[in-house]
Structure formats: structure tokens, C-alpha cells
Amino acid sequence: MGNRKWIYASRVEGNASRQAHADLPEGTFEREMSKEGFFGPAAFFHHQNPPTGWVKFEGPLQPRAFDLARLNAAEHSPWASRSVLHNKATDIRFWKLAQPMTSLARNGDGDQLLFIHEGEANLFCDFGHLEVRRGDYVYLPRGTMWRLSPSEPLSILMIEATNTHYTLPDRGLAGPHAVFDPAILDAPKVDEVFRTQQADENHEWVVEVKKRGVVSRITYPFNPLDAVGWHGELAPVRLNVKDIRPLLSDRYHLPPSAHTTFLSDRFVVCTFAPRPFETDPGALKVPFFHNNDDYDEVLFYHAGDFFSRDNIDAGMMTFHPAGFTHGPHPKALKNMLVQTKRATNEYAVMIDTRDPLEVGDDVASVENRDYVNSWKTTESAE
């Protein structure tokens with residue numbers, strides 16, 4: 001499969017631009033149709049009307065939105081948190097924690113990625129101590145024992161790489177130090193704070209191990225986070241979104257895949273961080289309409305002004321199943337070629353999955369069922 005030969009015929013037909021995402025015929029709206037997300041061959045259509053200008057959209061392919069900030073229950077364990085979206089390759093959960101964990105967690109199903117949406121905490125794990133705060137990604141290799149002790153209440157987006165791993169993307173011609181230098185990744189330390197927590201042995205310690213979706217409880221008469229040292233190449237790491245330096249292009253609107261932060265076998269995790277808008281007069285300054293025929297697309301809104309979406313607040317998540325065209329809302333389209341601001345001001349986490357996602361049973365109460373209508377050109381979209 002790695003050496004596949006695409007059926008490839010590159011041509012220009014009718015009134016069309018010869019450069020993707022730039023120099024569109026006047027009064028038209030571009031739509032991209034491509035293979036393998038944005039990595040395969042593609043076609044670019046120029047329409048007289050916005051491809052999302054529907055008046056009715058029925059059926060399971062409807063775009064959906066969830067206000068995860070309204071999930072108010074603070075759970076003692078990550079495995080008691082709400083599963084928002086899931087398939088065989090990943091489990092996306094939203095977890096709130098207000099008090100220190102009284103048990104340890106261990107994921108036997110796959111690598112774990114924690115995105116700290118709100119709050120601050122001390123993370124204690126096999127490898128030592130790590131301070132975590134708002135905007136941090138925390139990568140935990142499968143099998144790591146860990147617990148969190150918040151100094152401020154936490155809201156955490158958890159993304160599991162089920163039965164596999166996380167890796168870093170190949171930056172290609174940009175080189176391995178583009179977007180973020182691996183030197184910026186912080187690992188836990190066996191410091192005085194870690195050694196102090198080892199003294200907490202006045203009770204039995206329980207490790208809650210999740211394997212095949214079922215939690216087992218292993219009880220120890222001592223604190224199992226008792227390592228005095230370690231060495232090796234494998235360790236948890238921390239990366240804050242403010243340390244990400246996104247790829248830029250003045251003359252071309254880069255696809256979301258250019259902002260990939262972590263890779264897994266069947267999905268990618270991307271980060272949208274503030275960046276200057278394109279300056280070329282003919283270049284698109286908003287996300288382009290596109291068919292997501294091969295990937296389900298999920299976007300978690302962390303902070304800022306979400307310029308391509310209307311009526312979206314921090315803590316919300318949108319879900320666009322594979323199979324229909326989507327793109328910017330009508331309000332954003334007004335600035336398709338001319339932006340009123342110099343740069344974007346948003347932080348968001350995108351998850352693109354190769355396999356269809358199922359919606360968790362516990363999030364129906366926080367769904368915005370009118371989200372499908374947000375592309376209509378109405379006064380509310382203004």
C-alpha cells in the first residue's frame with residue numbers, strides 16, 4: 001500500500017485558477033476534493049455559491065457541536081470521565097478534576113495525551129514530578145502510573161491512542177526543529193517535590209488500570225511511585241501551545257495537516273495557534289471549503305477568537321463526520337480575501353481520524369442541535 005500509484009491526471013477545465021487557494025475567479029467559492037485528507041491527489045472546484053449554503057440537512061452526517069464546559073461533574077478518576085467520541089483507534093474524553101486524585105491511573109490500552117484546557121496541577125508518575133498548566137499537552141506512554149494534584153480545578157481533554165503509540169510528524173523540508181524544537185519538551189524530574197510525595201505511605205494505594213476498556217484495581221501497602229531514579233529514551237513529556245511556532249505562508253493558505261503536532265496510526269492531532277494572515281491579495285485568508293471524505297474531523301476550541309466559526313466559545317467541540325463538504329461560516333466568508341485584523345487569535349486542538357467516530361452516550365445533554373443551521377445566511381450568522 002505504501003507504493004500505491006494514484007490514478008493521476010492534472011488539468012485545468014473551464015474558468016479556474018491554476019493555483020490552489022489563490023487567485024479564484026471573481027465571485028466564486030473554492031471547494032477541495034482530495035484523497036487521504038490533504039496528502040493525496042486533489043481537485044479544486046470553483047462554485048458560484050458557497051458549498052455549505054444548504055437550507056436543510058438531514059441524516060447522521062449532520063455536523064455536530066458539544067459544549068463540553070457544561071459537563072459539570074468533577075470525577076475522581078480519569079476512567080470515570082465522559083467519553084465524547086470514540087472508535088477502535090482512539091477514545092476522546094473530557095475530564096474535570098477539582099481535588100487531588102486518591103488513586104493512581106494506568107492506561108494499558110494505549111498511549112495517553114492530556115490537554116490541560118483549564119487549571120494547574122502537579123503531576124506525579126513513575127518518572128518523577130512535572131508541573132502542568134493551562135495549554136499544556138502531556139504525553140503519557142502506555143503503562144505509566146500517574147496521578148494529578150490540582151492547585152486550581154482542572155478541565156482536561158484526553159485523547160487515547162488505543163493499542164498503539166504517539167509519534168512526532170516528519171517536518172520534511174522544514175527540518176526537525178520547525179514548529180517546535182524537541183528541546184522545548186520537558187520531562188518529569190526526580191526532585192524534592194517528588195521525593196516528598198513518596199513519604200505519603202499512611203494508607204494503602206490503589207492503581208486503577210484500564211485494559212480493553214475495563215478497569216482493574218491493584219492495591220499496594222506502600223506508595224508505588226517510589227523510584228529513586230531512571231534512565232532511557234522513553235518518558236512523558238510536556239509541550240505548551242504557546243511554545244508552538246506554526247508554519248506560515250504569505251501567499252498560500254496552508255492545509256490543517258501543516259499544523260500536525262502528534263501522529264498516531266489511525267489519526268492525527270493538530271494545533272491551531274495564532275499566526276499572521278496571508279498577505280497576498282489573491283490568497284484565501286480563511287479555511288477553504290473541502291470534502292472530508294476520508295477522515296472524521298474534530299475540533300476542540302481552547303482559547304481566543306475563533307475566526308472561522310460563529311457562536312463558538314472556549315470549551316466547545318465540533319464534530320464533522322466524513323462524507324460532506326464543510327468550511328467557514330457566513331460571517332467568516334465576508335473576510336475571505338481581506339481580513340480586518342493582522343493575525344488570528346485562537347488556540348484549538350484538531351483530531352482527524354481515519355475511522356468513523358461514535359458519539360458517547362453521556363454528551364447528548366450538552367449538544368447544540370442547531371449547529372447544522374449555523375451555515376445558513378441569517379441574521380444570527382451575521
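Dividing the summed helix terms, -39500 (n - 2.57) for each DSSP H run of n ≥ 4, by the number of residues in the chain produces a 222 nm estimate of -500 deg cm²/dmol to the nearest 500. Charge tally around Pro78: other residues with Cβ under 9 Å, Lys/Arg +1 each, Asp/Glu -1 each, net 0. Under a 5 Å amide H cut-off, with hydrogens placed 1.01 Å from N, Phe180 pairs with Arg245 among residues at least 5 apart or on other chains.
Hey, what's the stretch 1-114 come to in accessible area per residue, 1.4 Å probe, Å²? Could you put the intermediate results ahead of the total?
Working: 6590 Å² over 114 residues.
For the stretch 1-114, the per-residue accessible area is 58 Å².
Counting only lysines at least 8 places from Lys376 when in the same chain, those with an alpha carbon closer than 25 Å to its own are Lys56, Lys285, Lys331, Lys334, Lys341. As a length-normalised measure over Cα pairs under 8 Å and 6 or more apart, the relative contact order of the chain settles at 21 percent.
Computed about the Cα centre, the dipole magnitude for the stretch 1-65 is approximately 320 debye when only Lys and Arg (+1) and Asp and Glu (-1) carry charge, each at its Cβ. Given +1 at the Cβ of Lys and Arg, -1 at the Cβ of Asp and Glu and no other charges, the dipole of the stretch 247-294 around its Cα centre is 160 debye to the nearest 20.
Looking at the chain as a GNM with Cα springs under 10 Å, which of Val366, Val349, Val214 has the largest mean-square fluctuation? Residue with maximal mean-square fluctuation among Val366, Val349, Val214: Val214.
Across the stretch 145-250, the relative contact order, built from alpha-carbon pairs under 8 Å that are at least six residues apart, equals 30 percent. Within the assembled protein chains, the solvent-accessible surface assigned to Val193 is about 70 Å², based on a 1.4 Å probe. Among residues other than Leu123 with Cβ under 10 Å from its Cβ, the summed charge is 0 (Lys and Arg +1, Asp and Glu -1). Remark: the stretch 278-382 carries 41 Å² of accessible area per residue (probe radius 1.4 Å; ligands, DNA and RNA excluded).
Mean-square fluctuations from a GNM of the chain, with a 10 angstrom spring cutoff on Cα atoms, peak among Glu26, Glu233, Glu201 at Glu233.
From the square roots a ≥ b ≥ c of the eigenvalues of the alpha-carbon gyration tensor of the stretch 22-181, which class results: rounded (a/c under 1.5), prolate (a/b over b/c), or oblate? Display every interim value, and only then the final one.
Details: a/c = 2.41, a/b = 1.73, b/c = 1.39.
Taking the square roots of the gyration eigenvalues as a ≥ b ≥ c, the stretch 22-181 is prolate.
Selection among Phe44, Val209, Tyr295 by position relative to the dipole of the chain gives Phe44 as farthest towards the positive end (Cβ unit charges, Cα centre).
Projecting the Cα atoms of Ala258, Thr90, Ser34 onto the charge dipole of the chain, computed from C-beta unit charges around the Cα centre, puts Ser34 farthest toward the positive end. For the chain, the dipole from Cβ point charges (+1 on Lys and Arg, -1 on Asp and Glu) about the Cα centre works out to 640 debye, to the nearest 20.
Got a number for carbon plus sulfur as a percent of the chain's accessible area, 1.4 Å probe? Solvent-exposed carbon and sulfur of the chain make up 49 percent of the total. Mean-square fluctuations from a GNM of the chain, with a 10 angstrom spring cutoff on Cα atoms, peak among Lys210, Lys56, Lys242 at Lys56.
For the stretch 287-353, a/c is not less than 1.5, where a ≥ b ≥ c are the root eigenvalues of the C-alpha gyration tensor, and a/b does not top b/c. That puts it in the oblate class. Charge tally for Ala98 (other residues, Cβ to Cβ under 13 Å; Lys, Arg +1; Asp, Glu -1): -3.
Would you mind getting the accessible area per residue of the stretch 132-253, heavy atoms of the protein chains only, 1.4 Å probe, in Å²?
Values: 6850 Å² over 122 residues.
Each residue of the stretch 132-253 exposes 56 Å² on average to a 1.4 Å probe.
The values are calculated or read from the model by the stated rules, or taken from the named source; none is laboratory data. No experiment lies behind these values; they were computed from the predicted model shown. Cβ: placed from backbone, ideal geometry, glycine included. Neighbour counts: every protein chain shown. Accessible surface is based on the protein model in full, side chains and every heavy atom, while ligands, DNA and RNA are left aside. Shrake-Rupley method; radii C 1.70, N 1.55, O 1.52, S 1.80 Å.
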